[in-house]
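Single-structure report; data block below.
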Amino acid sequence: MPVISKLLVANRGEIARRVMRSAHALGVSCVAVASDPDIGLPHVGEADEVIRLPGASPGDTYLRGERLVEAALRSGADAVHPGYGFLSEHAGFARACADAGLVFVGPPPDVIEAMGSKLSAKATMAGAGVPVLPTVEVPATTAVGGGLDGDLAGRAAGLGWPVLVKASAGGGGRGMRVVEDAGALPDALVSASREASSAFGDGTVFLEPYVERPRHVEVQILGDHHGEVVHLFERECSIQRRHQKIVEESPSPAVDEARRARLTEAAVTAARAIGYVNAGTVEFLLLPDGSFAFLEVNTRLQVEHPVTELVTGLDLVMLQLRIAEGHPIPDSVRAARMDGHAMEVRLYAEDATNQWRPSAGRLHRFTFPASEDAVRVDSGFESGSDISPYYDPMLAKVISHAPTRDEAARKLAGALAGAEIHGLVTNRDLLVRILRHPEFLAGDIDTGFLERHDPAELGAPLADAEARKLHALAAALAAQAERRREAKVLRPMPSGWRNNPAGMQHVEYSGASGRIAVGYRFDRLGCQVELDGAARPDVEVVRTAPDAVTLAVGGVGRRYRVERVGAVSYVDGPDGASALEEIERFPLPGSQLSAGSLVAPLPGTVVKVHVGVGDEVETGDTLVAIEAMKMEHEVHAPVSGKVAEVHVSAGDQVEAGRLLVVVDEGTT
């Protein structure tokens, strides 16, 4: 049997750290790889050795199998763990590792190849007696060119509208589009194929019926080289955005013992039909009538594997390594039982209130509340990390474990609400509201949850209008305390204090709710406060410091933690969090863009420009499509009018804030 002594982790960030943690526990030395933007990330510092992958985009770095194999050989590694994403389900990469004499920690290349195409996987499962949904194949020329012949249109209609366009390779919601009618199908095919090609190197797509309100349930499987396959129960993954999971849990609230037996038996049957080895997942749609249908086999470790680890007490990565060395599945796995309830959320750097627009930049602070019964946080980042636009925007997986589902949800929501996340817009508030939502707590969930409940409302700041005013006051007082600390004279005196009464000091901030005006004056009676021009005698300033302010409102004290980065103050309190930018009192002339200026919301690559100079557009029309963080993002017209300027072309690399298009308002 092979013995793994040095492991190259062919991935980045959170999963690289996760794999190295278990490998180090087994006494295995670890080699990290890192692209240019990733060289300063924690997974690099935690590795025993590191090899740089010159470049930034996935296509130049983590998707270059030959570079990864060469890195493994150069470092003297005897095994490669692919993590998830990138080349983890690429049969050619697994085969290249084997040809180079490297142990690939995953299933054999033939198994990956068989399951790498969802089309062939569905055919195999149907032959094995596993239930599947009907499928319509899409010719490659149709997907790329956007033409729609009558035969394809008829077969699509035969599925019943709406239909779902799906990428045959890969997953994670990329290359998926819901299509309501035949007229929308050509554009959906082109867009989905382009996104799939970018994400997975394969633009093949197909059609299947779009099932209304199904649940997404999957079964964890393990297979060894001795022909044994076992399951480790199910995970519920129905809460999704853009067909990508954001909340996962085990066990599923919809699965009783009888249904669990049927699901797990189907999963084991599927695994045995393809000779599965190592860790994998068989995914199913659970239909409203109680039946289920095969979706796909993920021939890798899943993002959500921690919930299975917490309910079973098993280390799946360690089991992967042991199986890769040729060891049989141990008795502890066969005897595994579920203990309590585990729940995971995916914390993304994205704005749920603005069409899931991703966010890139410096993560100034990234901390979670510490306690004896703390949640598990699996992350590739820490305070001070830079989040690049080249990769998936997931910042962390946050996982709770408790005796009951209700307790797990409450524990997880509390940890998220108490986290300090500064520098980027995230989906934190959306996740908290989902975890506290009555439907979720009742287990009444399905893949349409975020279609019934507006993400713009669920993702709105937890801090209400009153809380944001208090946050602005805390920001102003913290800044005042910092100035006082740095002053060379009169340090004991509060800024603005006068022997004789003087006017208010004023500062204005811009935040999630617009502008907030703050006035304050220190005198012999304490601190007088105005918020948005209204006197607030009910607000007492108890204590101020550059990093913390304590206020009492109606006799109830609240402590606010404040971090100032440039002109932005990040405020965290028991009533939510705010990012507040101080507004310049005297801005430079010409520093503001006109209302019709369309700028890049984040760094990325322009994949399509939909308009030209002279075109008439309406507010909300899609003008430019930008690819960033492995997804396509549409940039819409801010006003109605005529296109006056176009500053980019397809293929251009753009930075955040770059001017893309200018629309002359009201000239249509």
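Values quoted throughout were computed directly from the atomic coordinates according to the rules given, and no laboratory measurement underlies them. Please read these numbers as outputs of a predicted model, since none were measured by experiment. We place every Cβ from the backbone using ideal geometry, glycine too, and count neighbours over all the protein chains shown.
Relative contact order for the range 465-582 using alpha-carbon pairs under 8 Å, separation at least 6, rounded to a whole percent? Write out the running numbers ahead of the final one.
Values: 229 pairs, mean separation 29.3, N = 118.
Averaging sequence separation for qualifying contacts and normalising by length gives 25 percent for the range 465-582.
Among the listed pairs K397/K608; K245/K411; K122/K608; K411/K469; K245/K397, which are separated by more than 23 Å between their Cα atoms?
As for pairs spanning more than 23 Å Cα to Cα, those are K397/K608; K122/K608; K411/K469.
So what J values fall out for the range 320-326 if you push phi through Karplus, 6.51 cos²θ - 1.76 cosθ + 1.60 with θ = phi - 60°, rounded to Hz, Gly and Pro as x?
For the range 320-326, the Karplus curve yields 4, 5, 5, 5, 4, 7, x Hz.
Figure the gain on full extension for D538 and L26 (residue separation times 0.36 nm, minus the Cα-Cα span) and round it to one decimal in nm.
Separation in residues times 0.36 nm, less the Cα-Cα distance, equals 178.4 nm.
Do any chymotrypsin sites (Phe, Trp or Tyr not before Pro) in the range 507-551 lie in a DSSP loop with no more than 15 other beta carbon atoms within 10 Å, and if so, which?
On the way: sites: Y509, Y520, F522; in loops: none.
Sites meeting the loop and neighbour criteria: none at all.
Give me the percent of DSSP beta bridges within the chain that run antiparallel, rounded to the nearest 5.
About 90 percent, rounded to the nearest 5.
Tell me the label-point distance for the pair A123, R658, using the 7 Å Cα-to-Cβ offset, in nm and rounded to one decimal.
That separation, rounded to one decimal, is 4.3 nm.
Could you work out how much longer the chain between D315 and E70 gets when fully extended? Use 0.36 nm per residue separation minus the Cα distance between them, nm to one decimal.
Length gained, D315 through E70: 85.3 nm.
If amide hydrogens are placed 1.01 Å from N in the peptide plane, which non-local residues have theirs closer than 5 Å to the one on N278?
G223, D224
What is the dipole size for the chain, taken about its Cα centre, with +1 at each Lys and Arg Cβ and -1 at each Asp and Glu Cβ, in debye to the nearest 20?
I would put it at about 1820 debye.
Based on the inverse mean of 1/r over its pairs of different Cα atoms, what is the Kirkwood hydrodynamic radius of the chain, in Å?
On the way: mean 1/r = 0.0369 Å⁻¹.
Roughly 27.1 Å, rounded to one decimal.
Long-range amide H contacts for D575: which residues qualify at under 5 Å (H placed 1.01 Å from N, peptide plane, sequence gap of 5 or more or a different chain)?
none
What's the extension gain from A442 to A335 if we count 0.36 nm per residue and subtract their Cα-Cα distance? Can you show the working numbers first?
Values: separation 107, 0.36 × 107 = 38.52 nm, distance 3.03 nm.
Between A442 and A335, full extension yields 35.5 nm more.
In whole Hz, with x marking every Gly and Pro, tabulate ³J(HN,Hα) for the range 535-551 from phi via Karplus 6.51 cos²θ - 1.76 cosθ + 1.60, θ = phi - 60°.
Each residue of the range 535-551 in turn: 5, 10, x, 7, 9, 10, 8, 8, 7, 10, 8, x, 10, 7, 9, 10, 10 Hz.
Quick check on the chain: helices-only [θ] at 222 nm, where DSSP H runs of length 4 and up contribute -39,500 (n - 2.57) each and the sum goes over total residues. Nearest 500, please.
The helix contribution divided over the chain gives -8000 deg cm²/dmol.
How far apart, in nm, are the 7 Å Cα→Cβ label points at A182 and R155?
Going from the A182 label point to the R155 one covers 1.6 nm.
Explain nothing, just compute: Karplus ³J(HN,Hα) = 6.51 cos²θ - 1.76 cosθ + 1.60, θ = phi - 60°, for every residue of the range 187-198 in order, whole Hz, x for Gly and Pro.
Rounded to whole hertz, the list is 5, 5, 5, 5, 5, 5, 5, 5, 5, 5, 5, 5.
How high is the relative contact order of the chain, in percent, with contacts defined as C-alpha pairs under 8 Å that are six or more residues apart? If you can, show how the numbers build up before the last one.
Numbers: 1501 pairs, mean separation 60.6, N = 668.
After rounding, I find 9 percent.
Give me the distance in nm between label points sitting 7 Å out from Cα along the Cα-to-Cβ direction at A370 and E407, one decimal.
2.4 nm
Near K118, which aspartates and glutamates are there with a Cα under 14 Å away, not counting those fewer than 8 places off in the same chain?
E89, E137, D202, E208, E283, E296
Considering amide H positions built from the backbone, and no H for Pro or chain starts, which residues 5 or more places from N354, or on another chain, come under 5 Å of its amide H?
Counting only residues 5 or more places away or on other chains, the set is empty.
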